[in-house]
1. Gain in length, A:VAL127 to A:ARG3, computed as 0.36 nm per residue apart minus the alpha-carbon separation, to one decimal in nm?
2. Could you tell me the calculated FRET efficiency between B:THR272 and B:PHE18, based on Cβ-Cβ distance and R0 = 51 angstrom, to the nearest 0.05?
3. Test of the criteria: in region A:117-200, which trypsin sites (Lys or Arg not before Pro) are in a DSSP loop and have at most 13 other Cβ atoms within 10 angstrom of their Cβ?
4. Kindly write out, for region B:19-32 in residue order, the coupling ³J(HN,Hα) from the Karplus curve 6.51 cos²θ - 1.76 cosθ + 1.60 (θ = phi - 60°), rounded to whole Hz, with x marking Gly and Pro.
5. Give the angle, between 0 and 90 degrees and rounded to the nearest 10, that separates the Cα long axis of helix A:229-257 from the longest principal axis of the Cα atoms of chain A.
6. For region B:193-251 and region A:157-227, what is the centre-to-centre distance using only Cα atoms, to the nearest Å?
7. Taking a ≥ b ≥ c as the square roots of the Cα gyration tensor eigenvalues, with a/c under 1.5 meaning rounded and otherwise prolate when a/b beats b/c, else oblate, which class fits region A:6-257?
8. Given B:LYS129/B:LYS183; B:LYS11/B:LYS183; B:LYS11/B:LYS116; A:LYS90/B:LYS183; B:LYS44/B:LYS248; B:LYS44/B:LYS183, which pairs have Cα atoms separated by over 31 Å?
Amino acid sequence: MSRLPAAGGAHLVVLRNVWVHKGGTPWTMALFSVYEPILYLLALGVGVGALVGEVPGIDVPYAAFVAPALLAVAMMNSALEETTNTVYGKLTFDRFYHSLLVTPMTVRGMVAGELLWAAARALVTGVGFLAVIAAFGLVRSPWAVMAVPAGLLTAFAFGAFGLAAAGYARGWHSFQYVQLVMLPMFLFATTFYPVTVYTEWVRVLVEALPLYHAIELSRGLALGEVGPGLLLNAAYLVVFGGVMLAVAQARWATLMAR
Amino acid sequence: MALIEAEGLEKRYPGTDFAAVAGIGFRVERGEAFGFLGPNGAGKSSTMRMLACVSQPSGGSLRILGEDPVVHGRALRARLGVVPQDDALDLQLTVRENLIVYGLYFGLSLKRMRAKSAELLEFAQLADKAGERVEHLSGGMRRRLTIARSLVNDPEILLLDEPTTGLDPQARHILWDRLFRLKSAGVTLILTTHYMDEAEQLCDRLVIMDKGLIADEGTPRELIDRHVTREVLELRFPPGEQEQAAEKLGGDVEVLPDRLLCYADDGDEVLTRVTEVGLRPLTALVRRATLEDVFLRLTGRSLTD
């Protein structure tokens, strides 16, 4: 007799997703995911950067300031895409996870597996975009390599959020609410300028956003400004992701019992 | 030891007072083909979900392969095969990949599944479709693939929820043939159906369910002997004249929306009486009693609801 799959079969969910994507190699996947951030990097980092010059108080070219934030955003978006729309379709229309209920797979394993897959997907994006940043000559410190693992933490946090959102979605339109939050967060969570431009109370608001911490972490590492403050940013993402994962697990358990 | 033993088994869903399964008891022995018959909403699917260790009983006791499904659900699921009502195949994968991936979910190795999938494709008569995407298969092929998929782990018990609903007659016969083969190979089959011919073809023993309860249990022959006569005379009258005709005729008559069923050991005798009392039915047919008559007798009221 066979042994039951470990960890509720989480790795098997990943394997299945890899199979479905076998038409595209990691490189074509990376190409699609870095397309958008490259456009931002060119338009804002290089284009607007030509007007801005150096960022006051930090003394790096504007493009080098924006690039690590775009890296964090790209990895966040990869994780979100995989866990919101894709997962929602499999959950509601394909009833994919329901079909796994009669196997030795567990619901916890399914959730963990999708999160793992989202992180893997973000990893491909992260490596791809870091290569782009390097090609533009925007790497300022060897610490920049660590921006990718930091981005995995971002992917974990937002992937877990996406799985919870997919569990509560009442239809495709529900994801418009996610966009309603994501777009302003992308624009205002210090992607394009330091948090010091804000007045005190706006600053508090921005600093409460998960993307702010993802960007702080990514930027601090990429610019080689490594200090204990980065641990706080990382801790924020771990806690946020952990809470979201717990919410997702509980919600999925309820959904699957129906 | 019976493979499955249920006693006072109940299923209630949260937020409803209504019991989908309201206390049923049955035993399934090794190698048997056991059927659950009943109209829609009788509680068949809820029972099947409990047997598949997917949903927990709300009351009563259930033992599957000698174990408690609430405690050992995961280990038990590894020993069961399930053919759900909606095939729930992985539409993004090919026929062969569906089998291989499904085997991995059971903890089987890739190497083992490569060999096993070839064997199962042969069994399901899908060898020439191995590389096709599931989307492109016909309903009958999908069903056969779902059955092949449920066999990846060589299950001791195979649960089939309405295995031939929605299939054309040819596809049904191919499917029945495959199920016969499994049965002769010693697999215990448990199925739900609302097709009486299917139940008579496949089931050694069955229970008829209605409103969450078991109305009766036995072999198809036993049930026919117990509840209906040897023959049945079917009479059709113009709409609105059925009730009148039934009264006039008297005897053991069941009034259905579209026809009268007269139960008798000699159908022709009743037919003679029909003309004697001056009734002029549109059509009249004497036939042997089937499981369908039993079914209509026991659950007829809820069918007309």
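1. Values: separation 124, 0.36 × 124 = 44.64 nm, distance 3.55 nm.
Gain in length upon complete extension: 41.1 nm.
2. On the way: r = 48 Å, r/R0 = 0.93.
Here the calculated transfer efficiency is 0.60.
3. On the way: sites: A:ARG121, A:ARG140, A:ARG170; in loops: A:ARG140, A:ARG170.
Passing both the DSSP loop test and the Cβ count: A:ARG170.
4. Result, ordered by residue: 9, 5, 10, 10, x, 10, x, 6, 10, 10, 8, 4, x, 7 Hz.
5. Roughly 20 degrees, rounded to the nearest 10.
6. 66 Å
7. prolate
8. Numbers: B:LYS129/B:LYS183 25 Å; B:LYS11/B:LYS183 29 Å; B:LYS11/B:LYS116 36 Å; A:LYS90/B:LYS183 34 Å; B:LYS44/B:LYS248 38 Å; B:LYS44/B:LYS183 21 Å.
Distance filter (> 31 Å) returns B:LYS11/B:LYS116; A:LYS90/B:LYS183; B:LYS44/B:LYS248.
Read the figures in this text as sums done on the coordinates, not as results from a lab. It should be emphasised that the depicted structure is a prediction, and the values quoted were computed from it without experimental measurement. Cβ sites come from the backbone with ideal geometry, for glycine too, and all protein chains shown count toward neighbours.
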